[in-house]
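Throughout, read-outs are computed from the coordinates displayed, never taken from laboratory work. None of these values were measured; they are calculated from a predicted model. Virtual Cβ from ideal backbone geometry, glycine too; neighbours counted across all protein chains shown.
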């Protein structure tokens, strides 16, 4: 529990990146709603055009709040990006400054139709403090959300990279096995069949004519297996494209897919 | 009396080097045979001895020059050296694809189970005289694309099937309730279909049975 509170406090007082657009939008909406709240009861219960005109008189403070808030926060963002070591100071100073700025936007738009309460000091203090708290809430909530999203993206990216590496290893292993099998067929099995045939050739020289012709048929079969079946599979597994083998390899590939 | 051929044989397959080398060494036309397992050893031997011709495996392994590179180096040492290239992948137009330096005294030979020592010696001799042997593979098999077993009758398939188990014509006749003469006639017809171009010296029955077994195994 204590750790959770500590973590929450740590995140609240962390320096988050300044977010001009979201905060300006929320801030403007809040100013508008606060102004409207001051008129809602009279407007609903005792509506007349005079009271409506008084509400319209508060709108300049909304527009001024919007413009000044956006410019001020944008400047804060740029400054914190440029002076990274002072980012914390800028973040907090801009929170306090925004409170005063919104209050100032209301003070300079005071006229005879704006609410009487705008003239009171305690009202201005409330606005200043509320704005500062809102500044913190918006930045903390957006910051935490962004941070979690970034973490999820990072994890997903790591998983994707890991998957790519595994995929590469799998393809590489398959290629290695293909090459090993092809090498075995080419270098070992074909050679063994050649040797077997040649040894049989030497052996059958002493046989009678009939036995020799039978044995010759088996030798021919050995050669047929070597020439077509073993070599064909070997070339399919790992076609050799070097030098004079290029054209035969291409012909084999064409024959295979035609 | 003419002296025998002095031959350098270069092969990285030790078993083949031993068997083919020994077979060549005892051939009466060969006077001297030197064996090398790689390009370095071959070059050392060639520096010491003047050979008439060289029998060289094209693929000499990863730690050696290729057979073609070695042949060119050997020619630098002895411009009259005949070269016979040996490989498992000699193709019909292989000779034409070799470097221009191979314009005299060379041949290409396919490693084959039916390779005969006399044929190799003939090539070594011809290349030592500066001749080019353009088509050195006398026993290139044709690719079997047709299923010939499908072309014989059902009765013939039965008879060849029994022949494949080792039964003679009389025993097959007893099994099928036919006369031995009929069985022989059917076998003869089947041989003509299954072995359309018999090589001289090849037993027809064995060749036909082998083809029958190969094709029926493929049909299952």
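With respect to chain B, whose longest principal axis is taken over its alpha-carbon atoms, helix B:204-219 is tilted by about 80°. Calculation over all alpha carbon pairs of chain A in 10 angstrom steps from 0 returns a P(r) of 6, 17, 15, 11, 7, 5, 8, 8, 8, 7, 4, 3, 1, 0 percent.
Short-range pairs are left out: with C-alpha atoms under 8 Å and at least six residues apart, the relative contact order of chain B is 14 percent. Helix content alone sets the calculated 222 nm mean residue ellipticity of chain A: runs of n ≥ 4 DSSP H residues at -39500 (n - 2.57) each, divided across all residues, give -27500 deg cm²/dmol.
Report, as a whole number in µm² per second, the diffusion coefficient that Stokes-Einstein gives for the protein assembly as shown at 20 °C and 1.002 mPa s using the Kirkwood radius over alpha carbon pairs. List each step's numbers first, then the result.
Working: Rh = 31.5 Å.
Approximately 68 µm²/s, per Stokes-Einstein.
Here the scattering of region B:5-128 is modelled by Debye summation over its C-alpha atoms, one equal scatterer each and no solvent; at q = 0.10 Å⁻¹ the log10 of I(q)/I(0) is -0.25.
Across the residues of A:210-216, average count of Cβ atoms on other protein chains within 10 Å?
Numbers: counts 1, 1, 3, 10, 6, 4, 8.
If you average over the peptide's residues, the count of other-chain Cβ atoms is 5.
Shown here are the Rg and Dmax of the Cα trace of region A:87-134, at 12.1, 41 Å. Packing, taken as the mean count of other beta carbons within 10 Å per residue, orders the peptides A:151-157, B:118-124 from highest to lowest as B:118-124, A:151-157.
Per-residue Cβ counts within 10 Å, from other chains only, averaged over A:198-204: what number is that?
Values: counts 11, 3, 2, 6, 3, 0, 1.
Mean shielding count: 4.
Compared with the dominant Cα axis of chain A, that is its longest principal axis, helix A:246-257 is turned about 80°.
With the highest mean first, a sort of the peptides A:87-96, A:120-129 on other beta-carbon atoms found within 10 angstrom per residue produces A:87-96, A:120-129. Take every Cα pair under 8 Å whose residues are at least 6 apart in sequence, average their separation, divide by the length of region B:149-217, and the relative contact order is 39 percent.
What is the ratio of the Cα radius of gyration of region B:149-217 to 2.2 N^0.38 Å, where N is its residue count, to two decimals? Can you show the working numbers first?
Values: Rg = 11.2 Å, N = 69, 2.2 N^0.38 = 11.0 Å.
Rg over 2.2 N^0.38 Å, computed on Cα atoms: 1.02.
Below 8 Å, C-alpha to C-alpha, sequence gap of six or more: please give me the relative contact order for region B:5-128 in percent. Could the numbers behind the result be given before it?
Numbers: 217 pairs, mean separation 31.8, N = 124.
Relative contact order here is 26 percent.
Neighbouring Cβ atoms from other chains, within 10 Å of the Cβ of residues in B:9-15, number 2 on average. Between the helical axis of B:14-25 and the longest alpha-carbon principal axis of chain B there is an angle of about 80 degrees.
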